[in-house]
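A short worksheet on the structure shown next.
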Amino acid sequence: MSIFEAIMLICFGASWPAAVYKTYTTKNVESKSLLFMSLIILGYLAGMAHKFFNSFDFVFWLYVANLALVMCDFVLYFKYKEKPVKAEAEIIPLEAELPAAE
């Protein structure tokens, strides 16, 4: 068991819920990198394979948890990538808000 590997995964895993929440609430993936998320997923899968075949311990489940969070963000990326970012509120001419003059 590697306590340092566990600490690394806990620290990495702590940031993913915030990223998923931000993507879900803003529905904006403009700042997301598909390549970055794909590399993270590949890295977690490699770590899981190492743990599974060489030194299985509880750290394997930290990889699983982190992978699940990144996969959530990955799925949200494809869900929201086609949706355009909402434009700022329309500018309404001031005359439209004033009552008619008598």
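Here residue 42 meets each of (1) loosely packed, with under 11 Cβ neighbours inside 10 Å; (2) within 11 Å of the chain's Cα centre (by Cα); (3) modelled with pLDDT of 90 or more with one exception, condition (2). Note on the range 45-78: among residues that are of a type in the set (D, E, K, R) and either over 22 Å from residue 19 (Cα atoms) or free of Cβ contacts under 8 Å to residues at least 24 places away in the same chain (or both), the one that is surrounded by the fewest Cβ atoms within 10 Å (Cβ to Cβ) is 57.
Among residues belonging to the range 9-35 that are without any contact (Cβ under 8 Å) to a residue 40 or more places away in the chain and assigned to a loop (DSSP other than H, G, I, E, B), point out the one that is surrounded by the fewest Cβ atoms within 10 Å (Cβ to Cβ). Top of the filtered list is 31.
The values are calculated or read from the model by the stated rules, or taken from the named source; none is laboratory data. Predicted, not measured: the structure shown is a model, and the values here were computed from it. In this analysis, Cβ positions are derived from the backbone assuming ideal geometry, glycine residues included, and neighbour counts consider all displayed protein chains.
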